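First up is the structure itself, then whatever we jot down about it.
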Amino acid sequence: MNIVMNLQGQWQFCLDKEKKGLNAHYELLTFKDTITLPSTVSEAGKGSPHDRKDTGHLTDPYEMEGYSWYQKTLSLPVKEISALSGKHFELTLERTRISYVWVDGRFAGSQDSFVAKHRYDLTGLITTLNPVITVMVSNTDYKVPGGHLTSPDTQTNWNGILGEISLTIRENIHIGTVDARCRYEEKSILLKIPVRYYGSRPCPAVIRVNPVLCRLKDIYAEQDKIIPKGENYEELLEYKPLPGEAVYLDVTLQPGENRFEVLQNLSEDPKLWNEEEPYVYRLHLSCREARTGSEICVNREARTGSKACVSRETLAVESAPAAACDNVSLWCGLRSFTAGKTHFYINGRKTFLRGKHDGMIFPLTGYAPADPGAWLHVMKKAKNLGINHYRFHTCCPPEAAFIAADLLGIYMQPEVPFWGTFNGPDDEGYHQEAQEFLEAEGFRMLEAFSSHPSYCMMSMGNELWGNASALNDLLSKYKAFRPDVLFAQGSNNFFWTPNIQPYDDFFSGVRFTVDRQIRGSYAACDAPLGHVQTAVPGTRFHYDEAIRPSCLTAYSDPANAEMQDTDKKNADEDVTVEIQYGTGIKRVRLSEARSELIPQVPVISHEIGQYEIYPDFKEIKKYTGVLKARNLEEFKRRLEAAGMLEFAEDFFRCSGALAVACYRDELETALRSSQLAGFQILDIQDFTGQGTALVGILNAFMENKGLITASDWRKFCAGAVLQAEFDSYVVIADKSFDFTVSLSYYRKSPLTVDELVCRLTDGDGNVISSVNHPVTELAKRDQTNRKINLAAADIPSEYTEYTREENEKGVFILGDFYLKLPQVKEPSSLTLTVELKGLCLSNSYHLWIYPEYTALEKDIAAGTDALLTAAHPDRLSALAKQYRACLLFLSSEENKASIEGTYCTDFWCYPMFRNISLSAHKETPVGTLGLLIRREHPALLDFPCEAYTTPQWHSIVNASRSTILDNTNIIPVVQTIDNFSRNHRLGMIYELYLQDLDLGLLVCTSDLPRQIREEHPEALALYKSLVSYLPQLAEKRRDTHTVFATTLDEFRRLLSHRTSEPEYDL
């Protein structure tokens, strides 16, 4: 019987930052310091901490790049040295960096995989009962940079040993990495079992496979249930042994390497794996010498209930030598994950990927855990938000993550750890060692983890450039090795000139051409911006025409590389373009664009969202582990220096509310797009690097920030989402409100006849108008436009090529409707609710209703009555002689010290993309995070609104330039929230008192008169509300406790003051 020695615990330790140890032979020394493994140098607090304040990412005070040395003296579980004869020893280090191993000072080898276990054969080196194992770990001199596996922006470039640390002592048999291949049609699993036999002559043996059905207990699988942190994950599971399904295979072991295949059938009623019912099979394998007088079975538990096993047993003979045996266990599942022309299919059923980006951010440790329980804790939070897919950005997690994904039903897409240019052997810049490492690393990922049912997809890296044909060649190798995994050449490869290669199973990107965009937001340097950033807020937009334009003909041969390849032979040598490249820019060759690219594979929208939120400084105290939030501390200090720390909570709440609205728009757009196969959000979790990109509704610890509940988020991020589609959230009283109701449906359960209820309610919840509509027929939003009769038993003859289940999955139009809007005399709000009672689905939309103003009212406002307004400050002296308060509209020429208005919150991170834009000589981002509206202020008494940005502000904001009010204590009525790196005090609407003129001034930086001329009722409503406030301002103008006092000259200097920005660290 093999013995596994757990080597976790205390080791001797030596820090070697100067990297002297290899030449100085530290392996021969005895180390004085100690460390407890598994851990990292930083987690153990080794070395001298630094006090550097990193603002671009979290700070590792014990950051160390160099060598670390670990040493342990073992006590082998044998009494005599003679007992070591014939034994074989293997050291396993589950996850580390570049490792070197010695036994009693003798070199055992070196390994460099980022993702696979480092396994060292120590046979022949262990010759004593107390061998000394020395391990050196280097986190420098990598063959490739390592992507997010080594980045300070994510899990840091830690140095240490994580996960399993063990020494296995074997007899004659060693089962290698078992390859489990699902035979979905046969409802069985084919096991490819490598067995190394150390005996000197052939030996009969028995391979046994014992399946156990496994799943999360119901209490932990429930929606909104959070799996406690630190739970032993085995205790969260329920098991169902399948003793009648045990398989035996009589084999003959030849000396050396052997390979066997076993087909494991899984009962007459096998359980399938999918996102809704993630049944997992745990297979326990053993290979035992079949000696006379020895037991075949591994243990008593394995024998229980197995007639086949019992019939093979013989009584143990006391004098018979023990039979050599090895055991392994693996996770697998029955599932088919395939790619059609437009969508992915799970077990033959169309599905939609609701994915999240993941860079393995764990601030308390600075590394990704190797414990399934820790991954279950965070992944269940994502699942509670409707996420069914993880894309790992240039990284592959430990096996623990795949186990958690298996149990939760999450489709995983790890990536080769590469972010750069991929060249072929004949290309300039080809680096053979690096390319060979990347290819080998991909195979190591597949060998180690692809038997997991959750390992569905794989990508070659992030935003790659270079030789597309070389990438295709690599895909072909991986596809030949693992045909049941779906592959893509990369995520958002080739930026502006994407291509689809013959071995691409799916496409992940952000656009096909400049005007065929497939996400809602973009950085300023990647303009044009997206519809969420620029379009009037509404709910009709979708990506179908961008993905597969109806005016273009798709390629007859989807594998035709001549039309799709951007290989070097098709490149225009004279044309180059500057692109975003990581966190900087790069000039690359622009491939020749011969025609429009029409995808014949599923399309995933890459890294959607990226809507920035102001920091919640209360989080700082949560950073009690390895990584410190010195970036957040610095941002807090800057805000305090700007005199606005008191507004921090409001900035966080209001920017967060806007970001949630933007995410909702983004996700609903994706879900109502029938030609889109999925999305990958960047991110539901804050990204603590690349300048500090706080874009999540969850913080870096995967904790809810309190901006939206999980149940409300699932209304627009789930397997079934009901939507109302309309042109604008701003409506006119006494008109007809026209809308379409659509349903995105990918649940496993079939659709049935249902009842649709649509209703308008006022602010008190009173129903104003409603419509009830029986849903017996659906119109499919796709290229067929076929009708689905929910009451019919059969599929219409013209659609017989589609299965009924295929017909019932996708995007459907439930009908076009209208509701009569009420008459109102004052602006107010309404709520539109759509509900499918049978499916228990609903969604609500907040509308802003305005009266239909008279022509006289519009003319007066559009002409800016001279008694109440002034075109520029020079007229104020004259007005002050007649009035005690006036409304001032500032033009951009007068308001030089200002920031232009933009409705959407900033993209990703202002410092990072400002630096990129400057380097590329492109327009810099605006960098603001929405509005903080002091809605209780009497100036807004007649303009109902929230404290944060909502759609009725869209035209108003876009016509504004908020004044930079730095070094004043003005509290704007409507304040534009600046990003937390720049921290300007920005006033879109503010008031002040000109002491020398004895004049109260209400300043509006939005061109409301122009908006009124363009028929924006919300602009007229705001104008009227501001004008109504002027008498109050006249009365309180001298109250310096509420109104900022200054002089006309000082005000002019404020408006003309030029500001400069520093360079931001990333």
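Side notes on the structure shown:
- For Arg511, the residues 5 or more places off, or on other chains, whose built amide H falls under 5 Å of its own are Ile518.
- Karplus 3J(HN,Hα) series, Hz, for region 931-936 with 6.51 cos²θ - 1.76 cosθ + 1.60 (x for Gly, Pro): 10, 10, 9, 8, 5, 7
- A viscosity of 0.890 mPa s and a temperature of 25 °C, combined with the Kirkwood radius over Cα pairs in Stokes-Einstein, give a translational diffusion coefficient for the chain of 76 µm²/s.
- Unit Cα scatterers, Debye sum, region 3-170: log10 I(q)/I(0) for q = 0.09, 0.14, 0.15, 0.19 Å⁻¹: -0.31, -0.72, -0.82, -1.25
- Dipole-positive endmost among Trp11, Leu932, Ile971 within the chain (Cβ charges, Cα centre): Trp11
- Between 0 and 90°, nearest 10: helix 372-384 axis offset from the chain longest Cα axis: 30 degrees
- Residue-wise HN-Hα couplings along region 388-399, as the Karplus relation 6.51 cos²θ - 1.76 cosθ + 1.60 with θ = phi - 60° gives them from phi, are 10, 8, 10, 10, 8, 5, 6, 7, 10, x, x, 4 Hz; Gly and Pro carry x.
- Summarising the label geometry, the points placed 7 Å from Cα in the beta-carbon direction at Thr123 and Gln10 lie 3.4 nm from one another.
- Here Glu257 and Lys20 are evaluated by their C-beta separation; at R0 = 45 Å the FRET efficiency comes out at 0.65.
- Amide H within-cut-off set for Leu237, under 5 Å, with H built and near neighbours excluded: Lys217
- Couplings 3J(HN,Hα) of region 842-852, computed from phi: 8, 8, 10, 9, 8, 9, 10, 10, 10, x, 7 Hz, in residue order, whole Hz [Karplus 6.51 cos²θ - 1.76 cosθ + 1.60, θ = phi - 60°; x for Gly and Pro].
- Förster-model FRET efficiency, 25 Å R0, Asp712 and Glu900, C-beta, rounded to 0.05: 0.20
- Of Lys618/Lys705; Lys187/Lys217; Lys19/Lys117; Lys229/Lys380, pairs whose Cα-Cα distance is over 18 Å: Lys187/Lys217; Lys19/Lys117
- The angle separating the long axis of helix 432-449 from the principal Cα axis of greatest extent in the chain is about 80 degrees.
- R0 of 45 Å, Cβ-Cβ distance Asn772-Glu1050: FRET efficiency to nearest 0.05: 0.10
- For the chain, a simple Cβ point-charge model (Lys and Arg +1, Asp and Glu -1, everything else neutral) yields a dipole of about 1780 debye relative to the Cα centre.
- In this simple spin-label approximation, Ala83 and Arg1013 carry label points 7 Å from Cα along the Cα→Cβ vector, and these lie 9.7 nm apart.
- Of Thr539, Thr123, Thr156, Thr128, the sequence from fewest to most neighbouring Cβ atoms within 10 angstrom is Thr128, Thr123, Thr539, Thr156.
- Taking amide hydrogens as placed 1.01 Å from N in the peptide plane, the amide H of Ser769 sits under 5 Å from those of Leu760, each at least 5 positions away in sequence or on another chain.
- Exposure proxy ranking, count of Cβ atoms within 10 Å, fewest first, for Asp738, Asp782: Asp738, Asp782
- Ranked by how many other Cβ atoms sit within 10 Å of their own Cβ, fewest first, the residues Lys53, Lys350 fall in the order Lys53, Lys350.
The numbers here are math on the coordinates, done by the rules we state, and not lab data. As the structure is a prediction and not an experimental result, all values here were calculated from the model. Counting neighbours? That spans all protein chains shown, and the Cβs are built from the backbone with ideal geometry, glycine included.
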